[in-house]
1. Looking at this structure, is Lys127 open to solvent by 70 Å² or more (accessible area, probe 1.4 Å) and among the basic types (Lys, Arg)?
2. Are any residues in segment 41-70 touching an Asp or Glu at 6+ places or on another chain (Cβ under 9 Å), among the polar types (S, T, N, Q) and open to solvent by 50 Å² or more (accessible area, probe 1.4 Å), and if so, which ones?
3. What tally of residues in segment 74-83 results from selecting those that are over 16 Å from Pro30 (Cα atoms), open to solvent by 10 Å² or more (accessible area, probe 1.4 Å) and assigned to a helix (DSSP H, G or I)?
4. How many residues does segment 40-68 hold that are touching a Cys at 6+ places or on another chain (Cβ under 7 Å) and of a type in the set (Phe, Trp, Tyr)?
5. Restricting attention to segment 293-318, which residues are out of contact with any Lys or Arg (no Cβ under 6 Å at 6 or more places or on another chain), of a type in the set (A, V, I, L, M) and more than 24 Å from Glu272 (Cα to Cα)?
6. Which residues, taken from segment 214-263, are among the aliphatic types (A, V, I, L, M) and within 14 Å of Val283 (Cα to Cα)?
7. Pairs under 8 Å by beta carbon, first residue farther than 20 Å from Ile242 by Cβ in segment 299-318, partner part of a loop (DSSP other than H, G, I, E, B) and open to solvent by 50 Å² or more (accessible area, probe 1.4 Å), six or more apart or different chains?
Amino acid sequence: MMENNGRSQIPLSLVEKVISMPSLRYAYFPGCVAQGACRELYQSTQVLTETLGIELIELKKASCCGSGTFKEDSRLLEDTVNARNIALAEELNLPLLTHCSTCQGVIGHVDERLKEFQETDPAYLEKVNGLLGQQGCSPYQGTTEVKHLLWALVVDYGLAEIERRVSRTLSGLKCAAFYGCYLLRAQTHLPYDDPHQPESMENLFRAVGATPVYYRGRTQCCGWPLSSYATESSFQMAGKQIQEAIDNGADCLVTPCPLCHLNLDSRQPEVEKVIGRPLGLPVLHLPQLVALALGIDPKQLGLDHHVVSTKSVLDKIS
């Protein structure tokens, strides 16, 4: 369409589409595993958010959350390290976004505890901020929130908007969610889902056209926390969850936690030896599944980097 002056006019439908798009910005905490052993998670999160128009400002100065181990030595250590991580997001006046359930559980719980201490134990919070000050760090103020990518997609961006963006049908693909422990039960309050009967991932599966598979192990532990000192027990736990998903008809597991991914995918060949039976179930990172539905090339998502081949998934949706 041309205006009278000969200049191109933007189609009204395109204007309406741009106006309707959510404008979301987050202080991005990728965590350690996604920048190392699960680099495909870092890669797929970047591709997905760019495609959706979500802006991530990576917290380059952030520290490891400790994965729940710092508190074994000192709760003050865990609180101080993660108060600093949260304060980095507060400096930007943005929510802290992570795609790791373990990071969500640890940092979210610290944020929850320190916000409570602002009222009940200000002396403790003053001690935390005093330690931050000694290192030239900004103080924790309790002015932001810690949010997993799952909640950002389901709550902030919205399932209806994601469904509207789907360009590759996932119909016929049966996905079994593996929430893991930290995302659901590490925090006292979970505002976005039921910690015992969650539906966020299943609702997201439906939005992208996939069929959710329900099974008992979807909210249980993958066994990762045991892997360093009780390896066989860890692999038995992982094998139980994978086998249960298979028995309920799953084509793949989908997890929002890179540590769960390590135990369920990277170690699946070892798990098979411990439980004495073949498995071969692909395990996808949450952003990989959503990005596939948006038509993104699987190679851009690192789907060729998994230990268990994802070919059966790609064959089913091609």
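The values are calculated or read from the model by the stated rules, or taken from the named source; none is laboratory data. Keep in mind it's a predicted model, so treat the numbers as computed, not measured. Quick reminder, even Gly has a Cβ in these numbers, built from the backbone with ideal geometry, and neighbours come from all protein chains shown. Surface accessibility is based on the protein's heavy atoms, side chains included, excluding ligands, DNA and RNA. Shrake-Rupley method; radii C 1.70, N 1.55, O 1.52, S 1.80 Å.
1. yes
2. The answer is Thr69, and nothing else.
3. 4
4. Residues in segment 40-68 being touching a Cys at 6+ places or on another chain (Cβ under 7 Å) and of a type in the set (Phe, Trp, Tyr): 0 in total.
5. From segment 293-318, those out of contact with any Lys or Arg (no Cβ under 6 Å at 6 or more places or on another chain) are 296-318; that's our starting set.
Still in the list and also of a type in the set (A, V, I, L, M): 296, 301, 303, 307-308, 313-314, 317.
Ile296, Leu301, Ile317 - these are the residues of segment 293-318 that are out of contact with any Lys or Arg (no Cβ under 6 Å at 6 or more places or on another chain), of a type in the set (A, V, I, L, M) and more than 24 Å from Glu272 (Cα to Cα).
6. Ala238, Ile242, Ala245, Ile246, Ala250, Leu253, Val254, Leu259, Leu262
7. Ile317/Arg168; Ile317/Thr169
Residue-by-condition table, conditions (1) free of Cβ contacts under 8 Å to residues at least 24 places away in the same chain; (2) open to solvent by 60 Å² or more (accessible area, probe 1.4 Å); (3) more than 25 Å from Arg216 (Cβ to Cβ); (4) among the basic types (Lys, Arg):
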{"site": "Arg113", "(1), (2), (3), (4)": "no, no, yes, yes"}
{"site": "Cys137", "(1), (2), (3), (4)": "no, no, yes, no"}
{"site": "Thr143", "(1), (2), (3), (4)": "no, yes, yes, no"}
{"site": "His148", "(1), (2), (3), (4)": "no, no, no, no"}
{"site": "Asp156", "(1), (2), (3), (4)": "no, no, yes, no"}
{"site": "Val166", "(1), (2), (3), (4)": "no, no, yes, no"}
{"site": "Lys174", "(1), (2), (3), (4)": "no, yes, no, yes"}
{"site": "Cys181", "(1), (2), (3), (4)": "no, no, no, no"}
